[in-house]
Amino acid sequence: LRKEFDQALRAFYQSYSELKTDEERKTLWADPVRNPKLAFAPRFRAFAERAGKHPAAAAAWSWLMQKTEDPQEQAQIVARMLAEFLNAPAIADFAADLPMAEWTLGRPKTVEALRTIRAKSQDSGGRLAAALSLGRLLTAGSHETEKTEGHTLLEEVVRTAPDSPDAQQATHLLFELDHLQIGMIVPEIAGVDSAGQAFHLSDYRGKVVVLDFWGFW
C-alpha cells in the first residue's frame, strides 16, 4: 500500500509541476481522487482498522497522522496509539514524528502526548524518542521554564543512550542552544576562501560578516 502511494505521489507531483496557473494547481491539490494524500487516506484507515493491534496497524496510523490536516482525526489517532501501542516498539517512531503535527493538533495536545509516552511507556526506545521530541519542542518555545526543562530533557537523552542516533540529534540541539543563540560569540570556523587562501572567522571580528551555509538535501 505504501509503495503504491509513493508511486501515485510521484506521478501527482509530476502532473502538478506541469500545470501553468495557480488556479490549476489549487484545483488539482484539492481533488480527492487525484491527490494521493486524500485518495489513499481511507485505504490506510481501513487497513489500520483491520490490522487491529498488529505493528502494521501502528505504521498505518502513523502514516495517517502525518498526512491528515484534520485536528480531530489526529487527536483520535493519538488516543488510539496511546491506548493500543504505548508499550510497543512502534511508539518510538510515532513519538519521533509527533512534533510535525503540532501546527494542526495543537501544542498542548502534542506536549501532553509526548509526556505520556515518556512517563508511561514500557518501551525504552519510545521513552527516549519522546524525551528527544519533547526537548525539541520545549526548547523552541518562548517560556524560560519550558526552555530549561527542554534543555534538561536533551541532556537526559545524551546521558541515557550516548551512542544512539537520538543522542546525536540531542547533542546537535544542545550545541545550537548553548553556542548559536543571538548575542553569543559565534564558534570558530576555519576554511579556505574562493581564492584558495586559508582563513579563520575570528580574523574578521569587528567587521560585518554574512555566513551562507548551504548544501544538497
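Just give me a number: lysine pairs in the chain, eight or more positions apart or cross-chain, with C-alpha atoms less than 25 Å apart.
Counting lysine pairs in the chain gives 16.
What FRET efficiency would be calculated for the residue pair Glu102, Ala190, taking the C-beta separation as r and a Förster radius of 35 Å, to the nearest 0.05? All intermediate terms of the calculation are to be shown ahead of the outcome.
On the way: r = 37 Å, r/R0 = 1.07.
Approximately 0.40, to the nearest 0.05.
Which loop-located GluC sites (Glu not before Pro) does the stretch 122-215 contain, where loop means any DSSP state but H, G, I, E or B and the Cβ has at most 14 other Cβ atoms within 10 Å?
On the way: sites: Glu144, Glu146, Glu149, Glu155, Glu156, Glu176, Glu188; in loops: Glu188.
For GluC sites (Glu not before Pro) across the stretch 122-215 that sit outside H, G, I, E and B with at most 14 neighbouring Cβ atoms in 10 Å, the list reads Glu188.
Run lengths n ≥ 4 of DSSP H only: what is the helix-derived mean residue ellipticity at 222 nm for the chain, with -39500 (n - 2.57) per run over all residues, to the nearest 500?
Details: 12 runs with 142 residues, N = 217.
That calculation yields -20000 deg cm²/dmol at 222 nm.
Suppose R0 equals 30 Å. What FRET efficiency, 1/(1 + (r/R0)^6) with r the Cβ-Cβ distance, do Ala83 and Ser164 give to the nearest 0.05?
Working: r = 27 Å, r/R0 = 0.90.
It comes to 0.65.
So if R0 is 41 Å, what FRET efficiency would Glu155 and Leu38 give, r being the distance between their Cβ atoms, rounded to the nearest 0.05? List each step's numbers first, then the result.
Details: r = 42 Å, r/R0 = 1.02.
The calculated FRET efficiency here is 0.45.
Using 7 Å Cα-to-Cβ label points, what is the Lys147/Ser124 separation (nm, one decimal)?
In this crude label model, Lys147 to Ser124 measures out at 3.4 nm.
Go through the stretch 1-98 and name the trypsin sites (Lys or Arg not before Pro) that are in a DSSP coil and have 16 or fewer other Cβ atoms within 10 Å of their Cβ.
Within the stretch 1-98, the qualifying trypsin sites (Lys or Arg not before Pro) (loop, at most 16 other Cβ atoms within 10 Å) are Lys20, Arg34, Lys53.
Since every read-out is calculated from the coordinates, none of them should be taken as a lab result. Quick caveat, the model's predicted, so the values are computed rather than measured. Every residue, glycine among them, receives a Cβ derived from its backbone with ideal geometry; neighbour counts consider all protein chains shown.
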